[in-house]
Amino acid sequence: MPKSGANTQKAILDAANRIVIEQGVERLTLEQVAAEAKISKGGLLYHFPTKEALIKGMINHYLERFTEDFNQTAEKDGDTPGRWNRSYLTTTFADNQRTPRMSSGLLAAVATDPSLLAPLQERFREWVALLDQDGVDPTTAAIVQLVADGLWLVELFGLSAPDEAMKGKILQTMEEMIRQAVKEKQRPK
């Protein structure tokens, strides 16, 4: 049974991400991706006519999925102060567990053409604005973002990432920091 257009695109993006993670950015070619996705090169070109279009697709797919998870996690918290910080933390931690890592498109963009990161840079500004206006002090919001991003990066690059037990402790400590920051902000002066 042939794949639908959306399923084919997802298969292509998954294949591209696997190649970057398992073989390196230099192996990200349209031919390699078509072979990994088990489709013809023409089928790949129908969806992504150039390598640049493929990398843009990888980045957009990552941003859409992360943003959706980020928003859904925050919505579960209702309108409570600190919800965006908690959501950013838990969504970023969960993102590291995905296979294949959809964020590998970012590696491809850096290696190929850093200007392809413009959508990520814009989205990050939006996320940081939500964290800053979330009922916690700006220092706590910055620490939450930097800890979450730092863990994400060490795992993406395979740099001495903490084990699962330590990640759990870090997550718990950061959640407590957010709770304390919310209490401090709400305390009458």
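The values are calculated or read from the model by the stated rules, or taken from the named source; none is laboratory data. What you see is a predicted model; the values in this text were computed from it and never measured. Virtual Cβ from ideal backbone geometry, glycine too; neighbours counted across all protein chains shown.
Inspect the range 136-143 for any residue being more than 19 Å from residue 68 (Cα to Cα), outside any helix (DSSP H, G or I) and more than 18 Å from the chain's Cα centre (by Cα) and give the result as yes or no. Give the derivation first.
At the first step, the residues of the range 136-143 found to be more than 19 Å from residue 68 (Cα to Cα) are 136-143.
From what's left, outside any helix (DSSP H, G or I): 136-137.
When the remaining residues are screened for being more than 18 Å from the chain's Cα centre (by Cα), the result is 136-137.
Yes - at least one qualifying residue is present in the range 136-143.
I'm trying to understand the selection: among the residues of the range 13-46, which are buried (at least 18 other Cβ atoms within 10 Å of the Cβ) and more than 18 Å from the chain's Cα centre (by Cα)?
Within the range 13-46, 28, 30, 33, 34, 36, 37, 39, 44 meet the criteria.
Search the range 159-174 for residues that are over 25 Å from residue 141 (Cβ atoms) and pair each with any residue that is surrounded by 10 or more Cβ atoms within 10 Å (Cβ to Cβ) when their beta-carbon atoms are under 8 Å apart and the residues are at least 6 apart or on different chains.
So the pair list comes out as 160/154.
Taking residue 73 and the conditions (1) part of a helix (DSSP H, G or I); (2) over 20 Å from the mean Cα position of the chain (by Cα), which numbered condition does it fall short on, given that it satisfies the others?
Unmet condition: (2).
Restricting attention to the range 54-68, does a residue exist that is of a type in the set (S, T, N, Q), closer than 22 Å to residue 24 by Cα and in contact with an Asp or Glu (Cβ under 7 Å, 6 or more places away or on another chain)?
First pass over the range 54-68, keeping only residues of a type in the set (S, T, N, Q): 60, 67.
Still in the running and closer than 22 Å to residue 24 by Cα: 60.
Then keep just the ones that are in contact with an Asp or Glu (Cβ under 7 Å, 6 or more places away or on another chain); that gives none.
Taking every residue of the range 54-68 in turn, none turns out to be of a type in the set (S, T, N, Q), closer than 22 Å to residue 24 by Cα and in contact with an Asp or Glu (Cβ under 7 Å, 6 or more places away or on another chain).
Just checking, does the range 65-72 include any residue being closer than 19 Å to residue 18 by Cβ, surrounded by 13 or more Cβ atoms within 10 Å (Cβ to Cβ) and touching a helix residue (DSSP H, G or I) at 6+ places or on another chain (Cβ under 7 Å)?
Yes, the range 65-72 contains at least one residue that is closer than 19 Å to residue 18 by Cβ, surrounded by 13 or more Cβ atoms within 10 Å (Cβ to Cβ) and touching a helix residue (DSSP H, G or I) at 6+ places or on another chain (Cβ under 7 Å).
Just name the residue that is nearest to the chain's Cα centre (by Cα) out of those in the range 108-135 that are under 21 Å from residue 155 (Cβ atoms), aliphatic (A, V, I, L, M) and modelled with pLDDT of 85 or more.
120
Could you list, ordered by first residue, the pairs with Cβ atoms under 8 Å in which the first is in the range 119-136 and on the phi > 0 side of the Ramachandran plot and the second is surrounded by 14 or more Cβ atoms within 10 Å (Cβ to Cβ) and among the aliphatic types (A, V, I, L, M), at least 6 apart or interchain?
135/182
Consider residue 80 carefully, then state whether it is outside any helix (DSSP H, G or I) and modelled with pLDDT of 90 or more.
Here the answer is yes, as residue 80 does meet what is asked.
Give 158, 105 a once-over and let me know the one that is outside any helix (DSSP H, G or I) and either under 14 Å from the mean Cα position of the chain (by Cα) or within 30 Å of residue 10 (Cα to Cα) (or both).
158
For the range 140-189, how many residues are exposed (fewer than 12 other Cβ atoms within 10 Å of the Cβ), closer than 25 Å to residue 123 by Cα and either among the basic types (Lys, Arg) or modelled with pLDDT of 90 or more (or both)?
1
When only residues in the range 63-73 that are in contact with a Lys or Arg (Cβ under 9 Å, 6 or more places away or on another chain), touching a residue at least 24 places away in the same chain (Cβ under 8 Å) and of a type outside the set (Lys, Arg) count, which is farthest from residue 103 (Cα to Cα)?
Filtering the range 63-73 for residues that are in contact with a Lys or Arg (Cβ under 9 Å, 6 or more places away or on another chain), touching a residue at least 24 places away in the same chain (Cβ under 8 Å) and of a type outside the set (Lys, Arg), the one farthest from residue 103 (Cα to Cα) comes out as 67.
In the list 64, 26, 52, 22, which residue meets the criterion of being touching a Leu at 6+ places or on another chain (Cβ under 8 Å), at pLDDT below 95 and among the acidic types (Asp, Glu)?
Of 64, 26, 52, 22, the one residue that is touching a Leu at 6+ places or on another chain (Cβ under 8 Å), at pLDDT below 95 and among the acidic types (Asp, Glu) is 52.
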